[in-house]
Amino acid sequence: MPVISVPYAFNEEELYVDLRSIVGHSLYLKCEGFNFAGSIKLKAATEMVETAERDGVLTPKSILVESSSGNLGVALSMIAASKGYRFLCVTDARGNLSTRLMMEALGSQVHVIADQEANGGFLGARIEYIRALCASDDRYVWLSQYTNPSNWKAHYRTTAPEIARQFPRLDVLFVGAGTTGTLMGCARYFREWHRPVRIIAVDSVGSVSFGGSPGRRMIPGLGMSMRPPLLDESYVDEVIRVEEADTIRTCHRLARRGFLLGGSTGTVVSGATDWLARHDARELTAVAIGPDLGERYLDTIYHTNWLQDIYGEDVLNSREVPAGSWADADAPVARWRRRLDLQPGDRNGDQHHQLQDRKT
């Protein structure tokens, strides 16, 4: 039984779920959400912060700032609270309300970008805001998960070796693509391994990470509105793109078997299931990395009204059990959610609040 004194010291690394009875194919899901941050982002956050400390970039007077759609923001909030740093997360309106409230509960500040940048979407606007903020005050330290090599090195050191120990005869690995830190770390590790492993990147339809036209994406986590600077496609054998409707159906399918998992995990499992169905996978050892759990998606992926408003009433086909509805559009809970939903400038620190005012 582990005994810890700091929250980032604990991370369950050896939990896998055999999904054969649910998806109809041999597929092992590596569950990465069982830590105090609730997602795989704890690994990258810890590596980036500790590297910045070793390099002298991060000091007691520093203010951490990062762009995040949610999970990395929570991980950095937890680490910042434990180490005594101030932290500002710059996110956008697509993020889950529960994630924002969690960051604030941990003592962090949250700034929500409402308007998209012309070419870079919400992500471009978030990055532009952070650059202006850092230029205004040298106390701000931007870890930049999109360009920071510690992002992929975290998974080269931890995630990939963990899988290799458990599955020495691994044939296929399915990895979701966001910043591509997990993807690149695992792909680099298995490129050097004793046997060939097919690396399948799972992306969201509407993401431009691997080319193609940008499109609407409402589920935070995977996908990018610009090419990920960390991405080296020479390490990737194949790319699968998953529609958000298929992500939602997969999440509900897993939930009805007792596994409440997050949107990124649903996307990876959906892509892996589709790939396995199209290939003769009977003799293959296949692993998918599940980045997150489902509690932060209760008011989105697992909420009937949200699903129907965005994807229509048929998003859950007849084979799936409908999502439970715990609030009508006019119910007090819905009004409470609208009242708490953060707008640009709400509940933020004075300096970056004033900076936004000057820019507008």
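Read-outs throughout are calculated quantities, based only on the coordinates presented, and are distinct from any laboratory measurement. Because the structure is a prediction, the values reported are computed rather than measured. Neighbour counts are summed over all protein chains in view; Cβ atoms, including those assigned to glycine, are modelled from backbone coordinates with ideal geometry.
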Subject >> Matching residues in region 21-45 - criterion: being farther than 20 Å from residue 164 by Cα and over 23 Å from the mean Cα position of the chain (by Cα) >> reply: 21, 22, 24, 25
Original post:
Which condition number does residue 148 fail, the rest of (1) in contact with a Lys or Arg (Cβ under 9 Å, 6 or more places away or on another chain); (2) buried (at least 20 other Cβ atoms within 10 Å of the Cβ) being met?
Top reply: (1)
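Is it the case that some residue within region 226-238 is touching a Ser or Thr at 6+ places or on another chain (Cβ under 6 Å) and among the β-branched types (Val, Ile, Thr)? Walk me through it before giving the result.
Taking region 226-238 as the starting set, the residues that turn out to be touching a Ser or Thr at 6+ places or on another chain (Cβ under 6 Å) are 228-231.
Filter once more, keeping what is among the β-branched types (Val, Ile, Thr): none.
No; the residues of region 226-238 include none that is touching a Ser or Thr at 6+ places or on another chain (Cβ under 6 Å) and among the β-branched types (Val, Ile, Thr).
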Original post:
Could we say that residue 206 is assigned to a loop (DSSP other than H, G, I, E, B), surrounded by 15 or more Cβ atoms within 10 Å (Cβ to Cβ) and not hydrophobic (A, V, I, L, M, F, W, C) here?
Top reply: yes
**OP:** Report yes if residue 257 is assigned to a helix (DSSP H, G or I), touching a helix residue (DSSP H, G or I) at 6+ places or on another chain (Cβ under 6 Å) and among the charged types (D, E, K, R), otherwise no.
**Re:** no
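Go through 250, 273 for me and flag whichever is touching a Leu at 6+ places or on another chain (Cβ under 8 Å), hydroxyl-bearing (Ser, Thr, Tyr) and under 13 Å from residue 19 (Cβ atoms). Step through it out loud before you land on a result.
On the way: 250 fails: touching a Leu at 6+ places or on another chain (Cβ under 8 Å).
After ruling out the rest, the residue left standing is 273.
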**OP:** Would you kindly identify the helices (runs of 4 or more DSSP H) lying entirely within region 97-178 that contain at least 1 residues that are without any contact (Cβ under 8 Å) to a residue 24 or more places away in the chain and either under 27 Å from residue 60 (Cα atoms) or among the hydrophobic types (A, V, I, L, M, F, W, C) (or both)?
**Re:** 97-105, 121-136
Original post:
Considering 69, 108, 62, 77, which residue is crowded, with 16+ Cβ neighbours inside 10 Å and out of contact with any Ser or Thr (no Cβ under 7 Å at 6 or more places or on another chain)?
Top reply: 62
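Matching residues to (1) assigned to a loop (DSSP other than H, G, I, E, B); (2) closer than 25 Å to residue 303 by Cα; (3) in contact with a strand residue (DSSP E or B) (Cβ under 9 Å, 6 or more places away or on another chain):
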position: 51; (1), (2), (3): no, no, no
position: 66; (1), (2), (3): no, no, yes
position: 72; (1), (2), (3): no, yes, yes
position: 76; (1), (2), (3): no, no, yes
position: 80; (1), (2), (3): no, no, yes
